[in-house]
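One structure below.
The values are calculated or read from the model by the stated rules, or taken from the named source; none is laboratory data. What you are looking at is a predicted structure, and each value in this text was computed from that prediction instead of being measured. No Cβ is skipped: glycine too gets one built from the backbone with ideal geometry, and neighbour counts run over all protein chains shown.
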Amino acid sequence: MEFKQKWVYKKTYYPRPTYEFNLPAGHSCPFAKDCKIKVDRHTGKFDTMGKGYRCYAAIAERFPGVRKTRWENFEFVLHGGKIELPKDAKYVRIHSSGDFYNQDYFDQWLKICRENPNVIFWAFTKSIRFWLARINEIPSNLTMIGSLGGHEDHLVLEHKLKHSRVVKSIEEARQYDLPIDNDDTLAMAGKYSFALLDNTKFTLSERQVLTDAHNQYYKHIFDEVYSIIDK
């Protein structure tokens, strides 16, 4: 059976048109904890393991077409497929769903980033050990974000890695003195950690209204990141 890679192209949500390469949520996330959900490939039945918050990426897998695309990508890489970027890619999010499931797969993405120095890549991950094993080999066009809520949070904090933290309110973001990212702007580039408002508690428009005033205190951070992604 031949397996093929499937890309998702989004003109909205992100600050710039972005390609995503996705894997099935939970099934490819070995170190997920608070958000872990596995959706049955065939039936779409949800198996909720995490108790902290619901994985937003997994929710989309209630649709058979979404499951099909993500599982085809998973089969593709598991069977040794070599990922190839779309020719017009300028911005790439590695995994809106899924994670680095082993070191070889992580290393494959490092190679892709090095071979495409004019493309901006970013990735959220709970697979911190794979990142740390290559901490001095991360290409400058790849921004890694440690996604708190996994089994390796201690490594994120111990090594002072850039990270994201899911919060339930603006007040919680203030407690951690973190700007709030609504559209991956702060994920795409830069060195600053940030908060994410729980996607299951607020719609995108609600998040935008709630965070506009809060983020005025961090305008210099957003300006710095925009200067990088628009080079």
Selected residue (only one of S193, S147 is of a type in the set (G, A, S), surrounded by 14 or more Cβ atoms within 10 Å (Cβ to Cβ), touching a strand residue (DSSP E or B) at 6+ places or on another chain (Cβ under 8 Å) and assigned by TED's automatic domain parsing to the domain that holds F21) | S147
When the range 15-57 is checked residue by residue, the ones that are crowded, with 19+ Cβ neighbours inside 10 Å, more than 17 Å from L85 (Cα to Cα) and of a type in the set (F, W, Y) are F31
Only one of these is outside the structural domain of I229 (by TED's automatic domain parsing), out of contact with any Lys or Arg (no Cβ under 9 Å at 6 or more places or on another chain) and assigned to a loop (DSSP other than H, G, I, E, B): G44, G80, G65, G98. Name it.
-> G80
Kindly list the number of the only condition in (1) touching a residue at least 40 places away in the same chain (Cβ under 8 Å); (2) outside any loop (DSSP other than H, G, I, E, B) that fails for A25.
-> (2)
Residue by residue through the range 111-170, note down the ones that are of a type in the set (K, R), more than 18 Å from the chain's Cα centre (by Cα) and not in a loop (DSSP other than H, G, I, E, B).
-> K111, R114
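Suppose we filter the range 197-231 for residues that are outside any helix (DSSP H, G or I) and modelled with pLDDT of 95 or more; how many remain?
At the first step, the residues of the range 197-231 found to be outside any helix (DSSP H, G or I) are 197-203, 230-231.
Add one more test, that the residue is modelled with pLDDT of 95 or more, and what stays is none.
Count: 0.
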Single match in E61, E84, E115 (criterion: modelled with pLDDT of 95 or more, among the acidic types (D, E) and over 29 Å from D230 (Cβ atoms)) | E61
